[in-house]
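Enquirer: Sharing a structure, written as structure tokens. Questions coming.
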Amino acid sequence: MTQLEDALKPEVRRSPDTVTRTFRIDRDVDRKMEGLSSEGRVSMNQMANKALRRYVEWEVNAEKFGTVTTSASTIRKFFDYLTIEQAKEMGSWWGENQAPGIITFWFKKFDFDSVLKALEFLGAQYGRAFTSDYAFDGRSHTLIVKHDMGLKASVFYAEAVKAAFSHLGLGTDIFVTDDQVIAISPPDPAHPLNSSYEGAADLKYPTSATSRPIPKLRKGQRVEPESRDA
């Protein structure tokens with residue numbers, strides 16, 4: 001056993017948001033942490049905080065909720081076996097039935113902020129199935145989900161986002177490519193992505209009034225609408 005105290009003290013002096021704790025950890029864990037610290041050029045303190053944060057924010061609730069971990073290649077293979085319609089059905093079911101329960105379990109509420117936080121947890125921070133970006137321009141909320149699992153995964157995420165936002169009473173325009181989903185809420189007919197571009201008809205995602213493909217622009221082509229959707 002060894003003590004993990006000295007590495008914590010410098011951080012405590014600089015930040016009022018930290019506290020001093022003394023831990024005794026297994027010697028083999030300490031050796032591995034030293035190796036990772038040297039290899040990654042990060043302090044032992046940073047590593048300890050990251051590991052503890054993951055445990056209290058993710059691992060405890062994931063275990064209680066029955067969350068399992070699998071590889072990205074397995075998930076991609078799963079989507080390969082689905083048709084487009086099955087991917088849509090799965091996404092809609094997950095957004096309507098699973099997402100509200102998971103988010104409420106994690107954050108004790110289901111609102112827009114908790115949905116965004118859940119996307120961080122399920123995405124790059126812990127789940128690592130995708131990454132997400134969010135922006136608000138004072139009028140429209142823009143959510144971008146990026147992944148590398150193909151069109152059927154995009155369809156799944158698109159329907160899941162639509163269903164989850166519907167629970168919040170939010171209408172949503174959805175645009176997809178093979179590796180990303182863009183959600184605009186509330187729907188904005190004047191948004192540039194709602195314009196028609198040459199080549200847009202080549203995309204494979206089935207379109208509807210609230211589910212449109214992202215137009216593919218050729219290199220150097222300006223983002224100017226030729227015509228607007230009705």
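The values are calculated or read from the model by the stated rules, or taken from the named source; none is laboratory data. For clarity, every value in this text was computed on a predicted model and none was experimentally measured. Here Cβ is always computed from backbone atoms with ideal geometry, including for glycine, and neighbour counts include all displayed protein chains. We work out accessible area using only protein heavy atoms, side chains counted, and drop any ligands, DNA or RNA first. Shrake-Rupley method; radii C 1.70, N 1.55, O 1.52, S 1.80 Å.
Enquirer: Could you please find all residues in the stretch 108-121 being hydrophobic (A, V, I, L, M, F, W, C), more than 22 Å from A153 (Cβ to Cβ) and under 16 Å from the mean Cα position of the chain (by Cα)?
Expert: Across the stretch 108-121, the qualifying residue is only F112.
Enquirer: Test A124 against the criterion of being surrounded by 13 or more Cβ atoms within 10 Å (Cβ to Cβ), in contact (Cβ under 8 Å) with a residue 24 or more places away in the chain, under 30 Å from K152 (Cβ atoms) and among the aliphatic types (A, V, I, L, M), and give yes or no.
Expert: no
Enquirer: Let me ask something additional. Search the stretch 156-179 for residues being in a loop (DSSP other than H, G, I, E, B), touching a residue at least 24 places away in the same chain (Cβ under 8 Å) and open to solvent by 40 Å² or more (accessible area, probe 1.4 Å), and hand back the single one that is nearest to K117 (Cα to Cα).
Expert: Restricting to residues being in a loop (DSSP other than H, G, I, E, B), touching a residue at least 24 places away in the same chain (Cβ under 8 Å) and open to solvent by 40 Å² or more (accessible area, probe 1.4 Å), the top hit is L168.
Enquirer: Moving on to the next point. Hey, any hits in the stretch 40-48 for a residue that's modelled with pLDDT of 85 or more, closer than 30 Å to T142 by Cα and open to solvent by 90 Å² or more (accessible area, probe 1.4 Å)?
Expert: No, the stretch 40-48 contains no residue that is modelled with pLDDT of 85 or more, closer than 30 Å to T142 by Cα and open to solvent by 90 Å² or more (accessible area, probe 1.4 Å).
Enquirer: While we're looking at this one, here's another question. For a quick check of your reading of the model, give me the residue pairs whose first member lies in the stretch 32-47 and is without any contact (Cβ under 8 Å) to a residue 12 or more places away in the chain and closer than 21 Å to T22 by Cβ, whose second is part of a helix (DSSP H, G or I) and open to solvent by 60 Å² or more (accessible area, probe 1.4 Å), with beta-carbon atoms closer than 7 Å and at least 6 apart or on different chains.
Expert: none
Enquirer: Please state which of the following conditions D111 fails to meet, knowing it meets all the rest: (1) on the phi < 0 side of the Ramachandran plot; (2) without any contact (Cβ under 8 Å) to a residue 40 or more places away in the chain; (3) open to solvent by 40 Å² or more (accessible area, probe 1.4 Å).
Expert: Failed condition: (2).
Enquirer: Considering the stretch 122-155 alone, what residues qualify as being part of a loop (DSSP other than H, G, I, E, B) and more than 14 Å from the chain's Cα centre (by Cα)?
Expert: D137, G138, R139, S140, G150, listed by residue number.
Enquirer: Please state which of the following conditions S73 fails to meet, knowing it meets all the rest: (1) part of a helix (DSSP H, G or I); (2) under 17 Å from the mean Cα position of the chain (by Cα); (3) loosely packed, with under 11 Cβ neighbours inside 10 Å.
Expert: Here S73 clears every test but (2).
Enquirer: Mind checking which residues of the stretch 83-93 are more than 17 Å from G150 (Cβ to Cβ) and either among the β-branched types (V, I, T) or open to solvent by less than 70 Å² (accessible area, probe 1.4 Å) (or both)?
Expert: If the condition is that a residue be more than 17 Å from G150 (Cβ to Cβ) and either among the β-branched types (V, I, T) or open to solvent by less than 70 Å² (accessible area, probe 1.4 Å) (or both), then S92 is the only one that fits.
Enquirer: Just give me the residues in the stretch 127-147 being among the hydroxyl-bearing types (S, T, Y) and open to solvent by less than 70 Å² (accessible area, probe 1.4 Å), in sequence order.
Expert: Result: T131, S132, S140, T142.
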